[in-house]
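Here's the structure we're looking at; comments come further down.
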Amino acid sequence: MAVPTESGMDFARVVRKRRMIRAFKPVPVPEDKIRRILELAQHYPSAGFSQGVAFIVITEPERVRRLRELSRLRGDAPVLVVPCVSEKLYHDRYG
């Protein structure tokens, strides 16, 4: 299902044709767009459909700044999406 964005391009197409982005506009990302990104991210392939990944979304500018300070993250993206993997889910399924 194609969902056009304001620019006329749907996000699924953008994901399929992704490329490295090194600079971002310091503009907040609307919550509905973040939800759509996460919805598509949930369709990643996983062993035995175990879906052992959860996502933490950070949008508060001060928290984004602080996380950048504490890590090696560079750039100026207004939203950070942190994937978290549960190794236990995979071990339980295939152990």
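The values are calculated or read from the model by the stated rules, or taken from the named source; none is laboratory data. Keep in mind it's a predicted model, so treat the numbers as computed, not measured. Quick reminder, even Gly has a Cβ in these numbers, built from the backbone with ideal geometry, and neighbours come from all protein chains shown.
Name the residue that is modelled with the lowest pLDDT, counting only residues in the stretch 54-81 that are surrounded by 11 or more Cβ atoms within 10 Å (Cβ to Cβ) and touching a Phe, Trp or Tyr at 6+ places or on another chain (Cβ under 7 Å). Across the stretch 54-81, the extreme among qualifying residues is 76. Among residues of the stretch 34-63 that are under 18 Å from residue 75 (Cβ atoms) and among the β-branched types (Val, Ile, Thr), those with a Cβ under 8 angstrom from a residue that is at pLDDT 85 or above and part of a helix (DSSP H, G or I), sequence gap 6+ or separate chain, pair up as 57/34; 57/38; 58/64; 58/67; 59/34.
Among the residues of the stretch 13-29, those identified as within 14 Å of the chain's Cα centre (by Cα) and surrounded by 10 or more Cβ atoms within 10 Å (Cβ to Cβ) are 14, 15, 29. Of the residues in the stretch 26-40, none is over 21 Å from residue 14 (Cα atoms), of a type in the set (A, V, I, L, M, F, W, C) and in a loop (DSSP other than H, G, I, E, B).
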